[in-house]
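The values are calculated or read from the model by the stated rules, or taken from the named source; none is laboratory data. Computed from a predicted model, the values in this text were never measured in an experiment. Quick reminder, even Gly has a Cβ in these numbers, built from the backbone with ideal geometry, and neighbours come from all protein chains shown. Accessible surface areas use protein heavy atoms only, side chains included; no ligands, DNA or RNA. Shrake-Rupley method; radii C 1.70, N 1.55, O 1.52, S 1.80 Å.
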Amino acid sequence: MGRRKGGNKSPASLSQKSSSSNGPPEEEEATTTTTMSIAGAEAAATEAETEVAEEAMDERTGSSNLEDSSEYPALIGGDKTSADYYFDSYSHFGIHEEMLKDVVRTKTYQNVIYQNSFLFKNKVVLDVGAGTGILSLFCAKAGAKHVYAIECSQMADMAKEIVQANGFSNVITVLKGKVEEIDLPVAHVDVIISEWMGYFLLFENMLNTVLYARDKWLVNGGVVLPDKASLYLTAIEDAEYKEDKIEFWNSVYGFDMSCIRKQAVMEPLVDTVDQNQIVTNCQLLKTMDISRMAPGDASFTAPFKLVAEQNDYIHALVAYFDVSFTKCHKLMGFSTGPRSKTTHWKQTVLYLEDVLPICKGEALIGSMTVEPNKKNPRDVEIMLKYSLNGQHCQVSRTQYYKMR
């Protein structure tokens, strides 16, 4: 899975996000962001410059403040390797900083909890994948009787300190381990809350962990938050970036590296899409009812029909998701779509092999099949079938993608 570092997007700052939720899907507000990068050029150093650099390095090494590492506390997760990538990635504070600063995400959860305290007051709550414990803290402040916060990464140790520092040790119990291996001190909980969504909604497959907890501990009539998630699809024009990122491999300094192009096309790209690039309508692919669905329901095949809203070219399809909290007094939620305020999930771009000239009113039809990878269920495999029978383009193709 790639993450775009530049392209033909309108620049905007992530720091310009609103301090409140971007609202339910029908109230989407258009904003876009782009992370621009400039490729650095390497300058050749002369022999004299090299000697000076080496002398300077010797001086810096002699005065390093890392000479005696025993004086410094060990970094959280510092002893892990890539074999523990999934949980280890959540041991570092950086990923939690990114999520906490995603005000669309975090403020929505805060508003859901604070504005619907009737769901939490005097209730036993389970926080699945608690991270820093922010959702548990919200629940405790809203009057929860007790909150059990399960976190498998080493961030659980930090969460315990955070809970204690904020005076909620008598209300919040942090449990370190996998949900599937934890023994709760209680037989049932009244509420399960979790921020389980990954890129493309299903990447990392944490949903099954929430469903496991639901089936094992949630009392009859209990509440899962959020309880609805919907995956959408649209099509975009993206000539400049596709040329830079995909077609680049066809000729690299005069050499054929097209074998890498084949791999690049198969790897979905996570990035912010400018709403002005959208060529067609947005099609609902799948809605998941977290309160009722079975684990296998996360694998599906859904048809789509994307109708062009103007004469244009289609270079890629774009997937995004909406999340809803329907048990609230008033419907609450947020969207990760290109017409909404930017979130850390951005959107997922799937480049097509073909460039499709399409006229207004013509339809790109097809189906998308989504399922977890058999060897690593946290990865996602996507099969895309599409066809266009238009005035300037007739094509029918099947493409495969892997998010990993």
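Worth pointing out:
- Summed over the stretch 233-267, the residues that are among the acidic types (Asp, Glu), modelled with pLDDT under 95 and farther than 26 Å from Leu306 by Cα give a count of 0.
Conditions tested, residue by residue: (1) open to solvent by 20 Å² or more (accessible area, probe 1.4 Å); (2) without any contact (Cβ under 8 Å) to a residue 40 or more places away in the chain; (3) closer than 24 Å to His344 by Cβ; (4) not β-branched (Val, Ile, Thr).
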residue: Phe168; (1), (2), (3), (4): yes, yes, no, yes
residue: Val191; (1), (2), (3), (4): no, no, no, no
residue: Glu204; (1), (2), (3), (4): yes, no, yes, yes
residue: Asp215; (1), (2), (3), (4): yes, yes, no, yes
residue: Val219; (1), (2), (3), (4): yes, yes, no, no
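- Members of the stretch 267-281 that are open to solvent by 40 Å² or more (accessible area, probe 1.4 Å) and over 20 Å from Tyr401 (Cβ atoms): Gln275, Asn276, Asn281
- His344 vs. criteria touching an Asp or Glu at 6+ places or on another chain (Cβ under 7 Å) and modelled with pLDDT of 95 or more: no
- Some residue of the stretch 333-340 being touching a Cys at 6+ places or on another chain (Cβ under 9 Å), outside any strand (DSSP E or B), open to solvent by 50 Å² or more (accessible area, probe 1.4 Å) and touching a residue at least 60 places away in the same chain (Cβ under 8 Å): yes
- Restricting attention to the stretch 114-136 and to residues that are part of a helix (DSSP H, G or I) and in contact (Cβ under 8 Å) with a residue 60 or more places away in the chain, the residue that is nearest to Asp322 (Cα to Cα) turns out to be Leu135.
- Here Val174 fulfils each of the conditions (1) part of a helix (DSSP H, G or I); (2) touching a residue at least 24 places away in the same chain (Cβ under 8 Å); (3) farther than 27 Å from Leu231 by Cα apart from (1).
- Among the residues listed as Lys360, Lys375, the single one being part of a loop (DSSP other than H, G, I, E, B), over 25 Å from Val265 (Cβ atoms) and either outside the structural domain of Glu97 (by the TED database) or at pLDDT below 95 (or both): Lys360
- Filter result for Thr326 (touching a Lys or Arg at 6+ places or on another chain (Cβ under 8 Å), modelled with pLDDT of 95 or more, open to solvent by 10 Å² or more (accessible area, probe 1.4 Å) and assigned by the TED database to the domain that holds Pro268): yes
- Selected residue (only one of Tyr313, Tyr351 is assigned to a strand (DSSP E or B), open to solvent by 10 Å² or more (accessible area, probe 1.4 Å) and either aromatic (Phe, Trp, Tyr) or in contact with a Phe, Trp or Tyr (Cβ under 9 Å, 6 or more places away or on another chain) (or both)): Tyr313
- For Thr106, the conditions (1) assigned to a strand (DSSP E or B); (2) hydroxyl-bearing (Ser, Thr, Tyr); (3) farther than 17 Å from Ala213 by Cβ are fulfilled apart from (1).
For every residue, the table says whether it meets (1) in a helix (DSSP H, G or I); (2) open to solvent by 60 Å² or more (accessible area, probe 1.4 Å); (3) closer than 30 Å to Cys328 by Cα; (4) touching a Gly at 6+ places or on another chain (Cβ under 8 Å).
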site: Leu231; (1), (2), (3), (4): no, no, yes, no
site: Ala235; (1), (2), (3), (4): no, no, no, no
site: Tyr241; (1), (2), (3), (4): yes, no, no, yes
site: Asp244; (1), (2), (3), (4): yes, yes, no, yes
site: Trp249; (1), (2), (3), (4): yes, yes, no, no
site: Ile260; (1), (2), (3), (4): yes, yes, no, no
site: Val265; (1), (2), (3), (4): yes, no, no, no
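- For the stretch 361-372, the criterion of being closer than 18 Å to Tyr199 by Cβ, of a type outside the set (Ser, Thr, Tyr) and open to solvent by 20 Å² or more (accessible area, probe 1.4 Å) is met by at least one residue.
- Residue list for the stretch 244-261, filter: under 19 Å from Val318 (Cα atoms) and of a type in the set (Lys, Arg): Lys245
- Residue-level check: of (1) open to solvent by less than 50 Å² (accessible area, probe 1.4 Å); (2) within 26 Å of Asp215 (Cβ to Cβ), Asp297 misses just (1).
- Failed item in (1) touching a Phe, Trp or Tyr at 6+ places or on another chain (Cβ under 9 Å); (2) at pLDDT 95 or above, with Gln164 passing the rest: (1)
- Where Thr398 falls short, out of the listed (1) of a type in the set (S, T, N, Q); (2) part of a strand (DSSP E or B); (3) open to solvent by less than 50 Å² (accessible area, probe 1.4 Å): (3)
- Subset tally (residues that are farther than 19 Å from Asn205 by Cα and open to solvent by less than 50 Å² (accessible area, probe 1.4 Å)) for the stretch 381-395: 7
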